[in-house]
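To keep things clear, I will list the structure first and then write my remarks on it.
The values are calculated or read from the model by the stated rules, or taken from the named source; none is laboratory data. Note that the structure is a prediction, hence the values are computed from the model and not measured. Cβ sites come from the backbone with ideal geometry, for glycine too, and all protein chains shown count toward neighbours. Ligands, DNA and RNA are excluded from the accessible area calculation, which covers all protein heavy atoms including side chains. Shrake-Rupley method; radii C 1.70, N 1.55, O 1.52, S 1.80 Å.
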Amino acid sequence: MITVKQVGYQAGSKTILNDISFTANQGEVLAVIGANGAGKSTLLKLLCREIHPTEGRIMFNKRDLVNYMLKELAGMRSVLTQQHTVSLSFMVKELVMMGRYPHFDNQPSAHDVSIVEQAMQITGITHLMVRGYDTLSGGEQQRVQLARVLAQILDVPGAWLFLDEPTNGLDMLHQQQLLQQARQMADKGFGVICILHDINQAAAYADKILVLKNGTQLAYGTPAEVVSPELIREAFGVQVKLLQDEHYKYPVIITTGAIANTN
């Protein structure tokens, strides 16, 4: 379990996050949504221990996150960030193997190779394994990076997967496939925290949704509890309608084309 207790973060005199509290559980997908500048990526950096909260505490499996060594965390959680800088021309299978670096010292074992193969199969990139990473399209590169972070934790029961806007650059099919893969990881007992812009995707795939606006917490709960026209208007400044269908356990959101005044 990850427990966030009244967490805040300041950069100089600017407050980025203020009084954020929630829990995230293994076996669940938590989607974090909000408009640009809401503080979503900053929150993820706090959860990954890239930065430290200026207020409050983050507990990782009942232990304060600040008490973990980064190497220790690398064996328990993996992170897919928005930016991927690869300065050398690696083959795809070499880049995915980088996800196994926390688990071996000099040479990968047969087990490491097997995990890499599983990760490539899950993400549908086996046919790209000997391609140069720099020859791939942006969407293909995103799938390779997902394979890398999956390879890091596939054999670590109850590990955590952090995804920062993972559907960026993907077409509709691969967006759905990626979110299905995140859902399947949670169903296998992993914890997944995913930053998303698409509210329908959050409602469809997440067990819980955390809504941020200007660094504050607007709502936290199940999609049925959180998703409402009033909250979406407050968070995103648009008018929407909700459609209920007996075949879906979550509401479907459609925009009306109107821009709301949230001032």
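Quick notes on this structure:
- Restricting segment 1-60 to residues that are under 20 Å from the mean Cα position of the chain (by Cα) and of a type in the set (S, T, N, Q), the residue that is farthest from Gln181 (Cα to Cα) is Ser21.
- From the list Glu50, Glu72, the one residue that fits, being open to solvent by 80 Å² or more (accessible area, probe 1.4 Å), closer than 19 Å to Val192 by Cα and either part of a strand (DSSP E or B) or out of contact with any Ser or Thr (no Cβ under 8 Å at 6 or more places or on another chain) (or both), is Glu50.
- Only listed residue being over 27 Å from Gly37 (Cα atoms), among the polar types (S, T, N, Q), touching a helix residue (DSSP H, G or I) at 6+ places or on another chain (Cβ under 9 Å) and at pLDDT 90 or above, chosen from Gln145, Gln176, Gln184: Gln184
- Every pair of residues 6+ apart whose Cβ atoms lie under 9 Å, when the first sits in segment 117-130 and is over 11 Å from Lys93 (Cα atoms) while the second is polar (S, T, N, Q): Ile122/Gln181; Ile122/Gln184; Thr123/Gln177; Thr123/Gln181; Gly124/Gln177
- Subset of segment 147-167 [under 30 Å from Phe104 (Cβ atoms) and either open to solvent by less than 10 Å² (accessible area, probe 1.4 Å) or among the hydroxyl-bearing types (Ser, Thr, Tyr) (or both)]: Ala147, Val149, Leu150, Ala151, Ile153, Ala159, Trp160, Leu161, Phe162, Leu163, Pro166
Results for (1) open to solvent by 10 Å² or more (accessible area, probe 1.4 Å); (2) more than 30 Å from Val238 (Cβ to Cβ); (3) under 19 Å from the mean Cα position of the chain (by Cα), shown as yes or no for each residue.
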position: Leu65; (1), (2), (3): no, yes, yes
position: Met76; (1), (2), (3): yes, yes, yes
position: Leu80; (1), (2), (3): no, no, yes
position: Val96; (1), (2), (3): no, yes, yes
position: Pro108; (1), (2), (3): yes, yes, no
position: Asp112; (1), (2), (3): no, yes, no
position: Gln121; (1), (2), (3): yes, yes, no
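- Check on Ala38, open to solvent by less than 10 Å² (accessible area, probe 1.4 Å), under 30 Å from Pro223 (Cβ atoms), at pLDDT 95 or above and of a type outside the set (Lys, Arg): no
- Taking first residues from segment 43-67 that are over 12 Å from Ile2 (Cα atoms) and partners that are open to solvent by 30 Å² or more (accessible area, probe 1.4 Å) and in a helix (DSSP H, G or I), the Cβ contacts under 7 Å between residues at least 6 apart in sequence or on separate chains come to Arg49/Leu70; Ile51/Lys45; His52/Val66.
- Residues of segment 168-185 include none that is more than 26 Å from Val238 (Cβ to Cβ), open to solvent by less than 20 Å² (accessible area, probe 1.4 Å), in a loop (DSSP other than H, G, I, E, B) and hydrophobic (A, V, I, L, M, F, W, C).
- Checking segment 8-17 against the condition returns a match, with at least one residue being aromatic (Phe, Trp, Tyr), touching a His at 6+ places or on another chain (Cβ under 9 Å), over 21 Å from Val227 (Cβ atoms) and surrounded by 18 or more Cβ atoms within 10 Å (Cβ to Cβ).
- The C-beta contact set for segment 95-107 (first residue under 15 Å from Val79 (Cα atoms) and outside any loop (DSSP other than H, G, I, E, B), second residue modelled with pLDDT under 95 and open to solvent by 70 Å² or more (accessible area, probe 1.4 Å), distance under 7 angstrom, 6+ apart or interchain) comprises Pro102/Lys71.
- Any hit, segment 33-40, residues being in contact with a strand residue (DSSP E or B) (Cβ under 6 Å, 6 or more places away or on another chain), touching a residue at least 60 places away in the same chain (Cβ under 8 Å) and in a helix (DSSP H, G or I): yes
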